[in-house]
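Written below as structure tokens is the structure these notes are about.
The values are calculated or read from the model by the stated rules, or taken from the named source; none is laboratory data. It should be emphasised that the depicted structure is a prediction, and the values quoted were computed from it without experimental measurement. Cβ atoms come from the backbone with ideal geometry, glycine included; neighbour counts cover every protein chain shown. Remember, those area values only see protein heavy atoms, side chains included, never the ligands or the DNA or RNA. Shrake-Rupley method; radii C 1.70, N 1.55, O 1.52, S 1.80 Å.
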Amino acid sequence: KQVRFSDPNMPFFDYRELGLTGTKLGCAEGGCGACTLMVSKYHPHQNRIIHHAVNACLAPLCSLHHCAVTTVEGIGSVASKLHPVQERIAKAHGSQCGFCTPGIVMSMYALLRSNPQPSMHDIQEAFQGNLCRCTGYRPILEGYRTFTKDNSMLPAQKLYDQSEFMPLDPTQEIIFPPELMPQRELRFVGERVLWIQPCSLKELLELKATYPNAKLVVGNTEVGIEMKFKNLLYPVILAPAYIPELNIIQHTQDGKRVIYLKGSFCLSMLFDAVKKLPAHQTEVFKAVLEQLRWFAGQQIRNVAAVGGNIMTASPISDLNPVFMAAGCKLTVMSKGKRVLEMDDKFFPGYRKTILKSEEILLSIEIPYTRKYFSAFKQSPRKEDDIAIVTSGMNVLFKEKSNIVQSIRISYGGMAPVTVLATATCNRQWNEELLEQACTSLAEEMSLSPSAPGGMVTYRRTLTISLFYKFFLTVQHKLGVTVEDVRPEYATATELFQLDSPSGVQLYQAVPPGDNSDDVVGHPIMHLSALKHATGEAIYCDDIPCYENELRLALVTSTKAHALIKSIDTSDAMEVPGVVAFISAKDIPGSNLTGPVFNDETVFADDKVFFIFYILSEFSVTCVGHILGAIVADTQAHAQRAAKAVKISYEELHPVIVTIQDAIANKSFYQPVRSMERGDVAQGFKDSDHILHGKMHIGGQEQFYLETNCTVAVPRGEDGEMELFVSTQAASKTQALVAKALGVPANRVVCRVKRMGGGFGGKESRSTILSTVVAVAAYTTKRPVRCMLDRDEDMLVTGGRHPFFGHYKVGYMNNGRVNALDVTLYSNAGNSMDLSLSILERALFHMDNSYNIPNIHGTGYICKTNLPSNSAFRGFGGPQGMMIAESWMSDVALSCGLPAEEVRRMNMYKEGDFTPFNQRLDQFTIDLCWEECMQLSDFNMRKEAVEQYNRQHRWTKRGLAIIPTKFGISYTAVFLNQAGALVHVYSDGSVLLTHGGTEMGQGLHTKMVQVASKTLGIPCSKIHITETSTNTVPNTSPTAASVSSDLNGMAVYNACQTLLQRLQPCIDKNPKGCWEDWVKAAYFDRVNLSANGFYKTPDLGYDFNTNSGRAFNYFSYGVAVSEVEIDCLTGSHKNLHTSIVMDVGKSLNPALDIGQVEGGFMQGLGLFTLEELRYSPDGYLYTRGPGMYKIPSFGDIPIELKVSLLRDAPNEKAIFSSKAVGEPPLFLAASVFYAIKDAITVARAESGLTGPFRLDSPATPERIRNACEDKFTKLVCINFHC
């Protein structure tokens, strides 16, 4: 059967035009799980229906023929009936922004369809392909723990009532349609691609002979990525998923080998098949399983084929080194068969094999018995990550001896191909062999300093470290023949285990009162949580398409600093469906834009004249600089045309990428900020010791799961434009769009329903897309929509500012710090954006929580050729505090004193003054400190850590306690204002609008709680539809953690106005109800609509005089963390974290604890994991979850305790509450300094003591390189370090 199709390789996700918008797009590369759905199909070999979680962004629609596809809408809804999977994640507070929630729900649902009573290990494994940026993961796992057999680990004080959960009834699930069982050959013919699905091996071979260059696709996990992100085109695709001969696993009769056949024999099925083999036959298979445990996510393992892993010939393949070390044999077939050995000749070059173009891989033959066989993989993140170095190691001994007969060691990540180490030896398995092998590997596994992927020293060290692990493992297995491994070395042989996490949440419960409607202080569920879980929550791109709507794709610069010689759009305009190329010439108003300084442009422009779309010269200042945009009938056509635009450049120099580049070229924005208190020069003179230090803190991508999105709808008269935007700054979007269109702000309405995360990244940078889309809509006079792909979003929007600090510290013998001089540099990028305010906040927090009598700080804003960096949770505060903790750590190490004692000694006390001369009132950090010490059992934990470290050489544990003091207010005084509008309708229902936006933090929920308490009515009577500029004008961005404070008071004031108007009606009918009073007021012609306004009093700091009140108050917190590092690889485990956070009297403990845990996990990413990597030419390598790793489910502390400080009301905010969004993030520094503590112990084993530099994030590379030992020295000798 032949079917015509516009694009046969179109992923299933693009079929959302059916109206099923619950499935979300987070990355388009199978790395985040937001698009997870369940695919059910009949498996003829197993004679059963299998249910798999699959990524809709990768699964081609054509590949799902004969499959039943279940999306989140198919299992339950708020309107009808929830599925228990949906209910439990919502009621357990496992949803914040909700954008990732449908994908997590479907991963859990697919697991339950196959295993109705899973273990926690099964659940954790199922979520390896899902990411969440908001919650911190703990509540999701806790909610779903209720499906397991062992449900005994739930905390005593719970934020929800488990007895309310609906039971799971597997008999009520959807039945597989029997008509989907038959299978036959299909052909899908598209504009550029022919997709053929053969049904037999004979058909496949005939097709491969006809189309020798055709790609074989099973899971589309490689080809899909290549076609989308590398702009490759494969005109013919063969999909052998339903060929029986390629779907089986066979065992040979001699019992010596096992053969499994390639095709749609997916990795997860291999996992199940290998588990059934007897233990004595499975050494190689255990190694395969160990690699598969950490290979991608479950969604990828469910569709990716084993043969595909081999044939893609990736130099960092997880499995190829294992197959090569095991000496596996491959059977390939065309007209005939031949058998190939996987040896050093199998991969002749990068991404190449020795197979002929017409041949297919039929089977792979794997040996049963290999007693001494191990596999290793080292990656930045343990779960679902691309390897840095992989290895398979295999040794055979002469019978009944420890004399090596042969040894086979294979590495991935050390060359353009998987390589075999060629060195051989014929000697005893002892220390002499180890020394010889390590020396040989150090010489053989060499890399150029400029090798792709970088991390050259680390990768070379890993080759030796991993072999040492193998050496110890074999030595332990030899047992009787040689001396066993020394006890303190034993942990080096242990495989990484994924422990089930546990959590405790403590808060001050509100005592029962007279008014059951008063829910302030109660842990009520996020008001949209159920809609998140069912996919019914509407995000920007879920808005139904308008008639004649167009899609937009950006055209951006590929050079960081260059003159544009010409832009040729002729080829682009030939792409079907293209309507126009939009550029600076189309802007009716001003091309200048920017949130503060107007130092940016909507489109790169130098007021040049356009003739036939060939431009005169103008410049770009970063890779990702927006040059223009294509609008077309579909997103696919728009993106294809955007890639067809030809741009010629004349490159300019210098290209400034790093802070060091900026310092060298004196490339700074003005002004330079400074702050001083005390006499610094005299302070240094009075100090016993002075030390100097440096620290670099890397940038961070916000990685909101919902990328930037705008829908612009021209209204056809008076220049009116309606915008639906995913933004934290509705009024700023309105103002900048109006400026670009050349109309007053009253002609532009900006509407925000909700965001799938923001974290500061949508405070100002969202406007660069909104203005472009609005101009396109104005020009075409048609609605225009654009939701950026993840790689585009990461490219053009910037992120958290990288910081570099150097410091001079004067201190006394007892550790008391007497003087500090610190200089901070931030990497702003190619425009100012909000960088001045961010640098100022970093200076405001350069002391963290420590009282330094003589302190001076200076801050420089570096101008570089990167996309402009911007706001991110903490807004410069975490960077300033991180450098403070660096010098505090150095002081403790220099004095030889416990770090916790030095920190406690230097901490502020009630009534002390900050470097900016603000008095600390209601100072609670000492209370947080003492409670955190108790909550974590700090002293006992420290003794246990010290004992562990004495008993183990190659793994070390570390412990740290870190405080935080975070100032609450916008530092730009005028932003500390908010408005609200409250309508009471005649039936008693209330419509509430305020100036804040909902991005997952639960702001709307809290505002409804405030209104409910103030009006004395149930929350069910109050509704918030959206945030819009035509209801509340001139709103400040939802940022700086003050939105509950500001908007809460505005809502309170509006409600108080209404109550005053209603009071006469209440007095006349005191026994009446709310509806009675409202109806009476309506008939009495009382105005039942009121606006409220609030501004924070007594604010205003002046840098010139170092006077004035910078903040309304401070939020405080303390965290203790314990970690375990692997000194040989640099990996670490987060064993324990206890957090005590002062949030005043919590408005909603469930939301506040969610913010604490989510902020902590974001900080964990900042300080230990997330790394933005740029080329020297300013090109961003890390443009998606494949290369940029945020924390996953497996990164949360195994034990996590969170306590909200009791009896600490805050008189300066609504109902005595406190801000909670940003302050907890820095507490993740406790993990960083626990890692540094563990490294300190490891270094002491090599005779190294005293302060040492450890930059952030503390990646495996940095940890391993800091743990200097004989192996790192061996690499340095050979590498001439």
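Please label the shape of the range 371-497 as rounded, prolate or oblate, based on the square roots a ≥ b ≥ c of the eigenvalues of the alpha-carbon gyration tensor (a/c under 1.5 means rounded; beyond that, a/b larger than b/c means prolate, else oblate). It is prolate, given that a/c is not under 1.5 and a/b is the larger ratio. Using θ = phi - 60° in the Karplus curve 6.51 cos²θ - 1.76 cosθ + 1.60, the 3J(HN,Hα) couplings for the range 920-933 round to 8, 9, 6, 7, 10, 5, 5, 5, 4, 4, 5, 5, 5, 4 Hz; x is entered for Gly and Pro. Of the cross-linked pairs K1133/K1218; K565/K781; K382/K1236; K808/K1189, which ones have a Cα-Cα span greater than 23 Å in the structure shown? Pairs exceeding the cut-off: K1133/K1218; K565/K781; K808/K1189.
In this simple spin-label approximation, V510 and K477 carry label points 7 Å from Cα along the Cα→Cβ vector, and these lie 6.1 nm apart. Which chymotrypsin sites (Phe, Trp or Tyr not before Pro) does the range 1130-1196 hold that lie in a coil by DSSP with at most 14 other beta carbons within 10 Å? Sparse-neighbourhood loop chymotrypsin sites (Phe, Trp or Tyr not before Pro): Y1181. The trypsin sites (Lys or Arg not before Pro) of the range 1040-1116 that meet both conditions, a loop assignment by DSSP and at most 14 other Cβ atoms within 10 Å of the site Cβ, are K1071, R1085. Note on the range 913-1042: Rg/Rh from C-alpha atoms, Kirkwood Rh, equals 1.19.
Backbone geometry of the range 1054-1066 corresponds, through the Karplus equation with coefficients 6.51, -1.76 and 1.60 at θ = phi - 60°, to 3J(HN,Hα) couplings of 5, 5, 4, 4, 5, 4, 5, 5, 7, 4, x, 5, 5 Hz, x marking Gly and Pro. Each label point was placed 7 Å from the Cα along the Cα-to-Cβ direction; for S1020 and H251 their separation is 6.0 nm. Fully extending the segment from D344 to Q670, taken as 0.36 nm per residue of separation minus the present Cα-Cα distance, adds 111.6 nm. Here is the tail figure for the chain: Cα pairs spaced more than 57 Å apart come to 16 percent of all pairs. In summary, the range 1-129 shows an alpha-carbon radius of gyration equal to 1.08 times the 2.2 N^0.38 Å reference for compact globular proteins.
Every helix of 4 or more DSSP H residues in the chain counts as -39500 (n - 2.57), and over all residues that averages to -8500 deg cm²/dmol at 222 nm.
Quarter the surface of the alpha carbon convex hull of the range 991-1121 and you get the mean projected area, 12.3 square nanometres. Semi-axes of the equivalent ellipsoid of the range 280-330 are 18, 15, 9 Å, computed as sqrt(5λ) over the eigenvalues of the C-alpha gyration tensor in descending order. The mean accessible area for residues of the range 427-510, using a 1.4 Å probe and ignoring ligands and nucleic acids, is 44 Å² per residue.
Distance between the modelled labels on T422 and K352, one decimal in nanometres: 1.9 nm (7 Å Cα→Cβ projection). Quick one: Debye curve from the C-alpha atoms of the range 1068-1109, no solvent, what's log10 I(q)/I(0) at q = 0.20, 0.21 Å⁻¹? Values, matching the q order: -0.75, -0.78. Apolar share of the accessible surface for the chain: 51 percent from carbon plus sulfur atoms, 1.4 Å probe.
The loop-placed trypsin sites (Lys or Arg not before Pro) in the range 826-934, going by DSSP, that have at most 13 neighbouring Cβ atoms within 10 Å of their Cβ come out as K909.
Using R₀ = 51 Å, calculate the FRET efficiency as 1/(1 + (r/R₀)^6) where r is the Cβ-Cβ separation of A1244 and I403; round to 0.05. Calculated value: 0.85. Looking at the range 29-73, what % of the alpha carbon pairs are farther apart than 18 Å? It works out to 29 percent of all Cα pairs.
Computed about its Cα centre, the charge dipole of the chain is approximately 2040 debye, with only Lys, Arg, Asp and Glu carrying charge at their Cβ. When the square roots of the Cα gyration tensor eigenvalues are ordered a ≥ b ≥ c, the ratio a/c for the range 1237-1276 is 1.5 or more and a/b does not exceed b/c, which makes its shape oblate. Per residue, the average separation of C-alpha pairs within less than 8 Å and at least 6 apart gives the chain a relative contact order of 12 percent. Run the Debye formula on the Cα coordinates of the range 814-863, all scatterers equal and no solvent, and tell me log10 I(q)/I(0) at q = 0.21, 0.23, 0.26, 0.31 1/Å. For the range 814-863 at q = 0.21, 0.23, 0.26, 0.31 Å⁻¹, log10 I(q)/I(0) is -0.74, -0.82, -0.96, -1.18.
Here the mean projected area of the convex hull built on the C-alpha positions of the range 429-578 is 24.2 nm². Once the C-beta distance of L233 and E17 is scaled by a Förster radius of 25 Å, the resulting FRET efficiency is 0.55 to the nearest 0.05. Given a 1.4 Å probe, how much area per residue of the range 608-711 is accessible, in Å²? So the range 608-711 comes to 44 Å² accessible per residue, rounded to a whole number. How high is the relative contact order of the range 1041-1179, given as a whole-number percent (alpha carbon pairs under 8 Å, six or more residues apart)? Relative contact order comes out at 15 percent.
Compared with the alpha-carbon gap, the fully stretched path from E494 to A79 is longer by 144.4 nm at 0.36 nm per residue. Across all C-alpha atoms in the range 1120-1263, the radius of gyration and Dmax reach 17.8, 56 Å.
Rounded to whole numbers, the Karplus 3J(HN,Hα) couplings from phi for the range 1252-1268 are 8, 8, 9, 7, 9, x, 7, 6, x, 4, 5, 5, 5, 5, 6, 7, 5 Hz, using 6.51 cos²θ - 1.76 cosθ + 1.60 with θ = phi - 60°, and x at Gly and Pro. Kirkwood hydrodynamic radius computed over the range 1079-1166 comes to 18.6 Å, based on all pairs of distinct alpha carbons. Between D517 and F1093, full extension at 0.36 nm per residue minus the direct alpha carbon distance yields a gain of 204.9 nm.
For the set K228/K531; K753/K1212; K371/K398; K531/K1201; K208/K345, the pairs lying more than 21 angstrom apart at their alpha carbons are K228/K531; K753/K1212; K531/K1201; K208/K345. Per residue, the accessible area of the range 828-876 comes to 13 Å² when a 1.4 Å probe rolls over the protein heavy atoms. Computed across the range 278-414, the Kirkwood hydrodynamic radius from all distinct Cα-Cα pairs reaches 15.7 Å.
If R0 is 22 Å, the Cβ-Cβ spacing of R48 and C199 corresponds to a FRET efficiency of close to 0.65. Using equal-weight Cα scatterers in the Debye expression, the normalised intensity of the range 730-814 in log10 at q = 0.12, 0.15, 0.17, 0.26 Å⁻¹ is -0.48, -0.66, -0.80, -1.42. Among A960, L207, L131, which residue has its Cα positioned farthest towards the positive end of the charge dipole of the chain, with +1 placed on the Cβ of Lys and Arg, -1 on the Cβ of Asp and Glu, and the dipole taken about the Cα centre? Farthest towards the positive end: L207.
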